[in-house]
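Trainee: Here it is: the structure, laid out below.
The values are calculated or read from the model by the stated rules, or taken from the named source; none is laboratory data. Treat the numbers as computed from the prediction; the structure is a model and nothing was measured. Glycine also receives a Cβ, built like all others from the backbone with ideal geometry; neighbour counts cover every protein chain displayed.
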């Protein structure tokens, strides 16, 4: 059994999409960021960095519980454990690693800053301009990549796609119209139609919230 500690954010949704795609048993524990659940002693014991998502695999290496923090590492761990969404061919594998790192090092931080400054009540023109411009540039990089390949790592759906999709789903927060980037839109429409993506993005969180 896997225990996932998460909330309905772009990083949190990476993990729930992955677990839904794998169709493995897991328990979702909501960490309400608005209420400060990430700062509680119980969650800090799981992730000293006080960030979601965090995961405890009760059947980790050697059959012992194993805790994983950082969403990219979590996806890599699950992909290797279940041998899915990770290429076996060496070249394809490194293509996947590169685009996973592109999400972790570029898309997440820059899109996140764009969200912060564009949605902040106190408008700071420098921050809005800087991060909106860089976000648009990164959308262009994604569009150029997806002009020549079906998925980010090449011909197969991988954890690079799973990691990147939730950030592109916030395109409205970034001032981006999907139609401006037709190759990303084609990829986006393909992913948003996947049942596991639909569940991992919203359904599993909404069901748990309704149940109290």
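Trainee: Filter segment 25-37 down to residues that are in contact (Cβ under 8 Å) with a residue 12 or more places away in the chain and exposed (fewer than 15 other Cβ atoms within 10 Å of the Cβ) and give me whichever is nearest to residue 56 (Cα to Cα).
Mentor: The qualifying residue nearest to residue 56 (Cα to Cα) is 27.
Trainee: Considering only segment 121-136, state which residues are in a helix (DSSP H, G or I) and surrounded by 11 or more Cβ atoms within 10 Å (Cβ to Cβ). Steps first, answer last, please.
Mentor: First, the residues of segment 121-136 that are in a helix (DSSP H, G or I): 125-136.
Matches in segment 121-136: 127, 128, 129, 130, 131, 132, 133, 134, 135, 136.
Trainee: Still on this structure, please answer the following. Out of curiosity, is residue 212 at pLDDT below 95 and either more than 30 Å from residue 90 (Cβ to Cβ) or surrounded by 15 or more Cβ atoms within 10 Å (Cβ to Cβ) (or both)?
Mentor: So residue 212 fits the description; yes.
Trainee: Of all residues in segment 121-149, count the ones that are touching a residue at least 40 places away in the same chain (Cβ under 8 Å) and either under 21 Å from residue 187 (Cβ atoms) or in the same structural domain as residue 51 (by TED's automatic domain parsing) (or both).
Mentor: Selection size over segment 121-149: 8.
Trainee: Do the conditions hold for residue 118, that is, is it part of a helix (DSSP H, G or I), under 16 Å from residue 172 (Cβ atoms) and either assigned by TED's automatic domain parsing to the domain that holds residue 180 or in contact with a strand residue (DSSP E or B) (Cβ under 9 Å, 6 or more places away or on another chain) (or both)?
Mentor: yes
Trainee: Also, quick follow-up: What number of residues within segment 137-186 are surrounded by fewer than 21 Cβ atoms within 10 Å (Cβ to Cβ) and not in a helix (DSSP H, G or I)?
Mentor: Adding up the residues that qualify gives 12.
Trainee: Yes or no: segment 103-114 includes at least one residue that is buried (at least 16 other Cβ atoms within 10 Å of the Cβ), in contact (Cβ under 8 Å) with a residue 24 or more places away in the chain and either outside the structural domain of residue 162 (by TED's automatic domain parsing) or out of contact with any helix residue (DSSP H, G or I) (no Cβ under 8 Å at 6 or more places or on another chain) (or both).
Mentor: Checking segment 103-114: not a single residue is buried (at least 16 other Cβ atoms within 10 Å of the Cβ), in contact (Cβ under 8 Å) with a residue 24 or more places away in the chain and either outside the structural domain of residue 162 (by TED's automatic domain parsing) or out of contact with any helix residue (DSSP H, G or I) (no Cβ under 8 Å at 6 or more places or on another chain) (or both).
Trainee: Let me ask something else about it. Could you check segment 27-84 and list, in sequence order, the residues that are within 14 Å of residue 7 (Cα to Cα), assigned to a helix (DSSP H, G or I) and within 19 Å of the chain's Cα centre (by Cα)?
Mentor: Once the filter is applied, which keeps residues that are within 14 Å of residue 7 (Cα to Cα), assigned to a helix (DSSP H, G or I) and within 19 Å of the chain's Cα centre (by Cα), segment 27-84 yields 33, 38, 71.
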